[in-house]
Amino acid sequence: MKGIVMNILADMVEQQFGMSEWNEILSEIDAAGAYTAAVLYEDQELLDLVGVISRRQSIPVEDLIFAFGEFMFPAFYERYPELIDAEAHLLPLLASIDSVIHVEVNKLYPGAVTPVFEEEWRSDSALLLKYRSKRNLCRLAEGLISGAAKHFDTTYELEHEPCLHRGADHCGLLVTLR
Amino acid sequence: MTDSDYLIAYKREKAARLTSEKLLEAVTREVYFKNAELERVNQELREQQQALIQQEKMASVGSLASGIAHEINNPLGYSLSNLSVLSEYIHELVTAIQTVRDDSSVTDAAKAPLNSDAVIEVLEDMPDLVVESLDGLQAVKQIVTDLRGFARTNTAELTDTNVNDCLTTTMNVLASELKRKVVLHDDLQSTLIIEANSGKLNQVFANLILNAVHISPSQGNLYITTRDDSNQVVIDISDDGAGVPEEIKAEIFTPFFTTKPVGEGTGLGLSIAYAIIVDDHQGALELVDDGPGSGATFRIRLNAI
């Protein structure tokens, strides 16, 4: 996982629970905590941090990951506004994740392992994203979609079927505008 | 210093880090594009270098071939001519000897030297020896003709040409060979007219077709197609043989390179075809779409008028 993700997690914890809490969390897993955006860190380190936050704050892991995704979207927007502003609506932005956003991510962060979001338009107001990643972070994707919807001030419904956590080879995330 | 002071300093440092990261990203993006550009230019240079090497090989072997062809041609000419005359002389000589041997008025004692085992063997072998020698010299003559073709000493004028007509002519000439060894699938869709030397184009087509036939399995498929692509005529000649092995791809247009057994190929066919298409007609000849098991496709591109 690239350091930028760790930095955004640190921002979320600092903003919502305070700097002291972040320091405590880091010390629990004996992490140095000095994350650099372009450096690649072990995925396990992020999962360990999430596990500690979940326990200390009594937030179920799945809910915490979703909240992290929601927090991550505006953090991305702050760093890369031109990528987000290239699309005026939620669904075209989601459809451009693989073809535009991940291409840009790989230019900036060579070696980044990005998930696959294969898009399939069901109608003008319904987009199916087929999520594939060995990290199985589909709840993070759900949170990012929620964060993006808030950014565009859009309401939507999400159907999540099938799911990697139930043995499927991908997660189907059907986003339908209300 | 109070906690508040530390917090302010922390936020200041954090803002500085974000700015540094953005700067780093801008530079990374720039490096990415420059690197992509460098890779593209490098690839172009490598291709140009290969083309230059190929051109240079053609030019040097071309002048060498021209010289060899010239030097061989004269002695070859009178050797062939003399041997043809000698063949007739031998026929007359054998007939005369046979007449004497059959003549009942000549005594057996007088005929004895003509009936010795050694003389009988010589008389039997001589015609075959001459015929084999003539065949050998004819083969040498063919090689010299190929060498001259490669050196392109006899360039002819280019005229308005329909490649479909050329291919049809070539396929007609090779009809019996094709029928015997492969299943031919031709689809000649090109409509454009080009400026070409049709004789030389026929030579190229014949060479590529015979190569494909040679490499094809028994009753394999041979595909010959033409089509228009913008202002170019594209000719594809494909087989479903074993394809061109990776290790010889770089050599196939090199003069004297051949995979055929010694005596069965001069290794000049493809290099001559290359020179005719690229140098004489400013076209392109390349091996495309090949791979073990899927056969080879030779593609020719020629500019329309």
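The values are calculated or read from the model by the stated rules, or taken from the named source; none is laboratory data. These figures come from a predicted structure and were not determined experimentally. All Cβ positions, even for glycine, are placed from backbone atoms using ideal geometry, and neighbour counts span all protein chains on display. Please note that ligands, DNA and RNA were not included when accessible areas were found on the heavy atoms of the full protein model with its side chains. Shrake-Rupley method; radii C 1.70, N 1.55, O 1.52, S 1.80 Å.
Below, the figures for the structure above:
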{"quantity": "Estimated [θ] at 222 nm from DSSP helical runs (n ≥ 4, -39500 (n - 2.57)) normalised by residues in the protein assembly as shown, nearest 500", "calculated": "-19000 deg cm²/dmol"}
{"quantity": "Test item: Cα-centred dipole of the range A:3-59, Lys/Arg +1 and Asp/Glu -1 on Cβ, debye", "calculated": "140 debye"}
{"quantity": "Size-normalised alpha-carbon gyration radius of the protein assembly as shown, reference 2.2 N^0.38 Å", "calculated": "1.72"}
{"quantity": "Threshold 50 Å² - residues in the range A:68-96 whose accessible area is reduced by that much or more when the chain is no longer isolated, probe 1.4 Å", "calculated": "A:ARG79"}
{"quantity": "Built amide H within the under 5 Å cut-off of B:GLY241, gap 5+", "calculated": "B:GLY295, B:ALA296"}
{"quantity": "Charge dipole magnitude, Cβ of K and R +1, D and E -1 - chain A, Cα centre, debye nearest 20", "calculated": "240 debye"}
{"quantity": "Relative compactness, chain B, computed as alpha-carbon Rg over 2.2 N^0.38 Å", "calculated": "1.71"}
{"quantity": "Positive-pole candidate from A:TYR41, A:ALA31, A:SER54, dipole of the range A:3-59, charges at beta carbon", "calculated": "A:SER54"}
{"quantity": "Paired Rg and Dmax values of chain A, which use every Cα atom, in angstrom", "calculated": "16.2, 49"}
{"quantity": "At least 50 Å² of accessible area lost relative to the chain alone, listed for the range A:5-43 with a 1.4 Å probe", "calculated": "A:MET19"}
{"quantity": "Cα gyration tensor, the range A:62-139 - rounded (a/c under 1.5), prolate or oblate", "calculated": "rounded"}
{"quantity": "DSSP H segments from chain B that extend 27 Å or more along their own axis, Cα-based, with Kyte-Doolittle mean of -0.5 or above", "calculated": "B:3-102, B:117-151"}
{"quantity": "Stokes-Einstein D for the range B:159-303, Kirkwood Rh over Cα pairs, 25 °C, 0.890 mPa s (µm²/s)", "calculated": "160 µm²/s"}
{"quantity": "Rounded to the nearest 20 debye, dipole of chain B from Cβ charges on Lys, Arg, Asp, Glu", "calculated": "1240 debye"}
{"quantity": "Whole-Hz ³J(HN,Hα) from phi, Karplus 6.51 cos²θ - 1.76 cosθ + 1.60, for the range A:3-16, glycine and proline x", "calculated": "x, 4, 5, 4, 5, 5, 5, 4, 4, 5, 5, 4, 5, 8"}
{"quantity": "Accessible area per residue in Å² at 1.4 Å probe, computed on the range A:3-59", "calculated": "48 Å²"}
{"quantity": "Farthest toward positive dipole pole in the protein assembly as shown [+1 Lys/Arg, -1 Asp/Glu at C-beta], among B:LEU38, B:PRO113, B:ILE300", "calculated": "B:LEU38"}
{"quantity": "Karplus-derived 3J(HN,Hα), 6.51/-1.76/1.60, for each residue of the range A:46-56, Hz, glycine and proline x", "calculated": "5, 5, 4, 4, 4, x, 5, 4, 4, 5, 5"}
{"quantity": "For the protein assembly as shown, with +1 on Lys and Arg beta carbons and -1 on Asp and Glu, the positive-most of B:ILE194, A:ALA168, A:ALA112 along the dipole", "calculated": "A:ALA112"}
{"quantity": "Cβ-isolated cysteines (cut-off 4.7 Å), chain A", "calculated": "A:CYS163"}
{"quantity": "Residue-averaged beta-carbon neighbours from other chains (10 angstrom radius) around A:105-112", "calculated": "3"}
{"quantity": "Using alpha-carbon coordinates, inclination of helix A:19-28 to the longest axis of chain A, degrees", "calculated": "80 degrees"}
{"quantity": "Three-way shape call for the range B:63-202 based on the alpha-carbon gyration tensor, with the a/c threshold at 1.5", "calculated": "prolate"}
{"quantity": "Gyration tensor (alpha-carbon) shape descriptor, the range A:37-82, a/c threshold 1.5", "calculated": "oblate"}
{"quantity": "Where A:THR154, B:THR2, B:THR191 fall by accessible area, highest first, once all protein chains stay in place (1.4 Å)", "calculated": "B:THR191, B:THR2, A:THR154"}
{"quantity": "Sulfur and carbon atoms: percent of accessible area, the protein assembly as shown [1.4 Å]", "calculated": "54 percent"}
{"quantity": "Distance violations [Cα-Cα > 32 Å] among A:LYS107/B:LYS249; A:LYS150/B:LYS34; A:LYS2/B:LYS34", "calculated": "A:LYS107/B:LYS249; A:LYS150/B:LYS34"}
{"quantity": "Between B and A, accessible area buried - total, square angstrom, nearest 100, 1.4 angstrom probe", "calculated": "1200 Å²"}
{"quantity": "Hz values of 3J(HN,Hα) by residue in the range A:119-133 - Karplus curve (6.51, -1.76, 1.60), Gly and Pro given as x", "calculated": "8, 9, 6, 8, 6, 4, 10, 9, 10, 9, 10, 9, 8, 10, 6"}
{"quantity": "Accessible area in the full protein assembly, largest first, 1.4 Å probe, for B:ASP102, A:ASP63", "calculated": "B:ASP102, A:ASP63"}
{"quantity": "Quarter of the Cα convex hull surface for the range B:1-154, i.e. its orientation-mean projected area (nm²)", "calculated": "20.5 nm²"}
